[in-house]
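What follows is a single structure, written as structure tokens, with notes after it.
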Amino acid sequence: MNTRVQNTVPHRPTGKRLTSLFASCLLALVFSSGTLAQDPGEDLTAEDVQQRIDTLEEPMYTPFVELYLLEESKALRKEMMNTRAELIEKVVDKELSVADKTMSYATDTVTYFFYLIAGATSILVMLGWNSIRDMRNQLTTLAEKRVNELVVEYEKRLEFIEDQLRQKSDIIQQNQAEIERTNEVHSLWLKASQETSQQNKISAYDTILDLRPDDVEALSYKADAVLEMQEPLWAISLCQRALKLAPENGHAHYQLACAYAEIGRWDDAVATLQKAINISEAYKDDASVDPSFEQLRDHDSFRKLVYPEDEEQSDT
């Protein structure tokens, strides 16, 4: 609430008016001293007064005049101080009055607000609510019901989180076991690569297959070791088992072709070698020097497959 304080202090002379009054008194004293006195019929202007002041030969004032001016100045200053004090007092009174009215207005507003709440409560009781106690009981019941629902919901969420944590824990344990198994398999592969005895290599491959029964590489390399021991039928069984797990494994096809060549199934050997070469051209170079294909060196289909350049030159 904005309240504008009106100035009710009586009109007092301001600083400019006091200065003008002082100057008038000074001029009056100067004229009364006789220095700048004019003839009764002479019309004296401001320029004439200034000219006479400039050509003065003696001071225009006497000690009595100076004392009079000082007393007048002192009286004017005192009057100004009194006027200022009176103005401040009235402004403070107005501000206090405004503050009292503001406090009264705020108090009345709060009182009316509480009256309004009391009236609204009475109307609600009249419309159907029996009492404040019934309201509290209903609110308590609703709150307990809501709390129970929240408890049940959070218990379900906690169970779900526990299940998720349990599954992740199982996955971590499985990963750790897989890492340990992988490290062991890796060490077995290193051991097999360093062994010179085919029997020891087969033992290492068997250990790998115990850890990983579906390891196609272990099956195919075991078939290679078995072929070195002149066991082609056993090698065929191992290669067929590997190809059931990975039909596109080139090494398994190559070892199977070697096993077929060892037992004299030359057409099957060439057909299987063709599959291996289709997967990787590197098997063509391996077949050209592999002793398992020694009896197929003069076979036309084998030479066309392994030595296509020689066949083109012979045709030419």
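The values are calculated or read from the model by the stated rules, or taken from the named source; none is laboratory data. These figures come from a predicted structure and were not determined experimentally. All Cβ positions, even for glycine, are placed from backbone atoms using ideal geometry, and neighbour counts span all protein chains on display. Please note that ligands, DNA and RNA were not included when accessible areas were found on the heavy atoms of the full protein model with its side chains. Shrake-Rupley method; radii C 1.70, N 1.55, O 1.52, S 1.80 Å.
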When the chain is fully extended, how far beyond the present Cα-Cα distance does D214 get from W234, taking 0.36 nm per residue of separation? 5.5 nm
Between I171 and F114, what is the spin-label point distance in nm, taking each point 7 Å from the Cα along the Cα→C-beta axis? 6.3
Please state, as a whole number in µm²/s, the translational diffusion coefficient that the Stokes-Einstein equation yields for segment 123-282 at 20 °C and 1.002 mPa s, with Rh defined as the Kirkwood radius across alpha carbon pairs. 102
Obtain the nm distance between the two label points defined at E95 and L142 by a simple spin-label model: each point lies 7 Å from its Cα along the Cα-to-C-beta direction. 5.0
Mind listing the phi-derived Karplus ³J(HN,Hα) values for segment 237-242, rounded to whole Hz, using 6.51, -1.76 and 1.60 with θ = phi - 60°, and x for any glycine or proline? 4, 5, 5, 5, 5, 5
Measuring from the lowest to the highest alpha carbon on each principal axis, how far does segment 217-288 reach, largest first, in angstroms? 26, 26, 17
Suppose accessible area is computed on protein heavy atoms with a 1.4 Å probe; arrange Y307, Y154, Y115, Y205 from highest to lowest. Y115, Y154, Y307, Y205
Measure off 7 Å from each Cα along the Cα-to-Cβ vector at T102 and D48, then give the distance between these two points in nanometres to one decimal. 6.2
Of all accessible surface on segment 166-316 at a 1.4 Å probe, what whole percent is carbon and sulfur? 46
The extension gain from S203 to E86, computed as 0.36 nm times the residue separation minus the Cα-Cα distance, is 30.2 nm
Residues of type lysines that K94 reaches as a straight line, Cα spacing below 27 Å, ignoring anything fewer than 8 places off in the same chain: K78
Packing rank of 232-243, 101-112, 290-301, where each peptide gets the mean count of other beta carbons within 10 Å, highest leading: 232-243, 290-301, 101-112
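Counting only C-alpha contacts under 8 Å and six or more residues apart, can you give the relative contact order of segment 140-288 as a whole percent?
13
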Step through the residues of segment 253-267 one at a time and calculate ³J(HN,Hα) from phi using the Karplus curve (6.51 cos²θ - 1.76 cosθ + 1.60, θ = phi - 60°), rounding each to whole Hz and writing x for Gly and Pro. 4, 5, 5, 5, 4, 4, 5, 4, 5, 5, 9, x, 8, 5, 4
Reachable aspartates and glutamates from K222, Cα under 15 Å, same-chain residues fewer than 8 places away excluded? E195, D206, D210, D214, E231
